[in-house]
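Q: Structure below; questions to follow.
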Amino acid sequence: MDQGRATHLTAANGGSRVVGGGGGSVGVQIQQSRRLPDFLQSVNLKYVKLGYHYLISNLLTLCFVPLIIVTLIETSQMELDDIRQLWLHLQYNLVSVVICSAFLVFGLTVYIMTRPKPVYLVDYSCYKPPDHLKAPSHSFMEHSRLTGDFDDSSLEFQRKILERSGLGEDTYVPEAMHAIPPEPTMAAARDEAEKVMFGALDKLFSNCSVKPKDIGILVVNCSLFNPTPSLSAMIVNKYKLRGNIRSFNLGGMGCSAGVIAVDLAKDLLQVHRNTNAVVVSTENITQNWYFGNKKSMLIPNCLFRVGGAAVLLSNKSVDRRRAKYKLVHVVRTHRGADDKAFRCVYQEQDDNGKTGVSLSKDLMAIAGGALKTNITTLGPLVLPISEQLLFFATLLVKKLFNADVKPYIPDFKLAFDHFCIHAGGRAVIDELEKNLQLLPIHVEASRMTLHRFGNTSSSSIWYELAYIEAKGRMRKGNRVWQIAFGSGFKCNSAVWQALRNVRPSHNGPWEDSIHNYPVKTLSE
């Protein structure tokens, strides 16, 4: 048998293969031929799944198609006399027609008046600190050594955390932490808060052409720094906001407080018509740096960095034309009733009386439980019916037959186009990528935000959204899932829908560096 014949046999029989022999001879090893093609190899199953989702999602429409066709056929067969008889019948039943019409108008009016008012995200801005506040890892370690507060074991621990953290060399720490010795004074903390909040707000007011007097609602969240007068009062004083402004200051609510602040602003916008609301999310590092040697309290020093964001929300219908997004859902989960969850992120003093935030070794497990509860609530609101049926069927089989069936993980990629996972640390992003079965591009914004700005607490989800916009990936109709974790323990989600192809705002945080991203990280 010559080589050409052997090749022909190989093509014709899926199980045949050509084996080269010695001395230039060619042998043929023939396996049992298949009567049918191997569909697992020949068909990409993801297209089968997409077809299933399309069928189930459009099932109601498909069921109405025959009814519409029959109606059109019957209408086309009607003659002029039939139409005249129908009109006479309606005239004789004028009272019934008027009553039905009145009920219809009344029902529509009640529906329109009671439905929630849409909340629009007009624009937002993220604070970008000046370059002299950058803290590359070698400078960070040298500064920590020169303070004289850390022993050799603690310095080595911080070095290892920095290496594995996913932070780059361009993150920022406040002015007071650059001094030797550090100056964690009240005045320095106020200075940090003012620079971050006012920097973000100046940029927001400039980009939106909004006057401070037009703001009717102000919500500020900062977990660890709560001076008197409050941070919200500092903003009112700086911008001379109007006397009847409804201002709120949220403290101690951790890294998920940004979503909580949005939720509070949303509820207020349901009550007060034709109103603008501003949400300011930040954290303060100056007075919350830990100068002790307890390992669990040293981790925040290595992860948290300077940052903040200001967001302009509106319920005015006229603002829809210029708004970037519409708020679709907010889902909040609180696990504070459980003692372990309550204490997993805990501000306390060590044995030497030095204050810091301690992170429990159970943090990831507790975060996973909070996430599970949150997405169980969020899923039915956002997932296509096809995914919900698969999840329900798996649950039913497991409960009724006690079958050892793996729980079906809903495909959230069918519900969302973009994911803004709180950049709390590399481990948090890794776990969500794995458990939600996301692709690297879905967590790119979170990884790059962690690399460029570090953990900026409640504002990190806005730096991530700005990254997606700077990459030119946000298209009209796209849905964005912002998800954040915080002390307490809380897991909160916000869902936004793009109202247009969104471009990055002027002077965005990524404007001068987006061309350098994405970069390689330790997890890749």
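The values are calculated or read from the model by the stated rules, or taken from the named source; none is laboratory data. Note that the coordinates shown come from a computational prediction; the quantities given were computed from them, not determined experimentally. Note that we place each Cβ from the backbone using ideal geometry, even for glycine, and neighbour counts take in every protein chain shown. Just the protein is used for accessible areas: all its heavy atoms, side chains included, with ligands, DNA and RNA removed. Shrake-Rupley method; radii C 1.70, N 1.55, O 1.52, S 1.80 Å.
Q: Please identify the pairs in which a residue from the range 223-245 that is among the aromatic types (Phe, Trp, Tyr) has its Cβ atom under 6 Å from the Cβ atom of a residue that is open to solvent by less than 80 Å² (accessible area, probe 1.4 Å), counting only partners at least 6 apart or on another chain.
A: Phe225/Ala189; Phe225/Asn284; Tyr239/Pro212
Q: Right, another one. For a quick check of your reading of the model, give me the residue pairs whose first member lies in the range 130-145 and is under 17 Å from Ser165 (Cβ atoms), whose second is among the acidic types (Asp, Glu), with beta-carbon atoms closer than 7 Å and at least 6 apart or on different chains.
A: Matching pairs, first to second residue: Lys134/Asp170; Pro136/Glu169; Ser137/Glu169.
Q: Restricting to the range 263-298, give me the number of residues that are in a helix (DSSP H, G or I), farther than 22 Å from Asn492 by Cβ and among the aliphatic types (A, V, I, L, M).
A: Residues flagged as in a helix (DSSP H, G or I), farther than 22 Å from Asn492 by Cβ and among the aliphatic types (A, V, I, L, M) within the range 263-298 amount to 2.
Q: What about Ile375, is it in contact with a helix residue (DSSP H, G or I) (Cβ under 6 Å, 6 or more places away or on another chain), assigned to a helix (DSSP H, G or I), open to solvent by less than 40 Å² (accessible area, probe 1.4 Å) and under 23 Å from Cys491 (Cβ atoms)?
A: Against the criterion (in contact with a helix residue (DSSP H, G or I) (Cβ under 6 Å, 6 or more places away or on another chain), assigned to a helix (DSSP H, G or I), open to solvent by less than 40 Å² (accessible area, probe 1.4 Å) and under 23 Å from Cys491 (Cβ atoms)), Ile375 does not qualify.
Q: Would you call Arg426 farther than 21 Å from Val495 by Cα, surrounded by 14 or more Cβ atoms within 10 Å (Cβ to Cβ) and in contact (Cβ under 8 Å) with a residue 60 or more places away in the chain?
A: Yes: the conditions hold for Arg426.
Q: Kindly list, by first and then second residue, each pair from a residue in the range 354-365 that is within 16 Å of Met253 (Cα to Cα) to a residue that is open to solvent by 70 Å² or more (accessible area, probe 1.4 Å), limited to pairs with Cβ atoms under 6 Å and residues at least 6 apart or on different chains.
A: Close Cβ pairs satisfying both conditions: Val357/Gln347.
Q: For the range 127-163, how many residues are closer than 28 Å to Trp510 by Cα, open to solvent by 40 Å² or more (accessible area, probe 1.4 Å) and not in a helix (DSSP H, G or I)?
A: Residues in the range 127-163 being closer than 28 Å to Trp510 by Cα, open to solvent by 40 Å² or more (accessible area, probe 1.4 Å) and not in a helix (DSSP H, G or I): 3 in total.
Q: What number goes with the only condition from (1) touching a Ser or Thr at 6+ places or on another chain (Cβ under 8 Å); (2) open to solvent by 20 Å² or more (accessible area, probe 1.4 Å); (3) part of a helix (DSSP H, G or I) that Val196 does not pass?
A: Looking at each condition in turn, Val196 falls short on (2).
Q: Turning to a different aspect of this structure: Name the residue that is farthest from Leu465 (Cα to Cα), counting only residues in the range 313-337 that are of a type in the set (A, V, I, L, M, F, W, C) and assigned to a loop (DSSP other than H, G, I, E, B).
A: For the range 313-337, the residue satisfying everything is Ala337.
Q: What is the one condition in (1) closer than 16 Å to Ile429 by Cβ; (2) touching a His at 6+ places or on another chain (Cβ under 9 Å); (3) free of Cβ contacts under 8 Å to residues at least 60 places away in the same chain that Arg473 does not satisfy?
A: Just one mismatch for Arg473, condition (1).
Q: Let me confirm something: among Lys361, Lys340, which residue is part of a loop (DSSP other than H, G, I, E, B) and either within 29 Å of Asn455 (Cα to Cα) or touching a strand residue (DSSP E or B) at 6+ places or on another chain (Cβ under 8 Å) (or both)?
A: Numbers: Lys340 fails: part of a loop (DSSP other than H, G, I, E, B).
It is Lys361.
Q: For the structure I just gave you, tell me whether Lys354 is touching a His at 6+ places or on another chain (Cβ under 9 Å), basic (Lys, Arg) and open to solvent by 20 Å² or more (accessible area, probe 1.4 Å).
A: Details: touching a His at 6+ places or on another chain (Cβ under 9 Å): no; basic (Lys, Arg): yes; open to solvent by 20 Å² or more (accessible area, probe 1.4 Å): yes.
Judged against the criteria, Lys354 is not a match.
Q: List the number of the failed condition for Phe391; all other conditions in (1) within 22 Å of the chain's Cα centre (by Cα); (2) at pLDDT below 95 hold.
A: (1)
Q: Further question on the same structure: Would you mind telling me which numbered condition in (1) part of a helix (DSSP H, G or I); (2) in contact with a His (Cβ under 9 Å, 6 or more places away or on another chain); (3) modelled with pLDDT of 95 or more Glu433 fails?
A: Exception for Glu433: condition (3).
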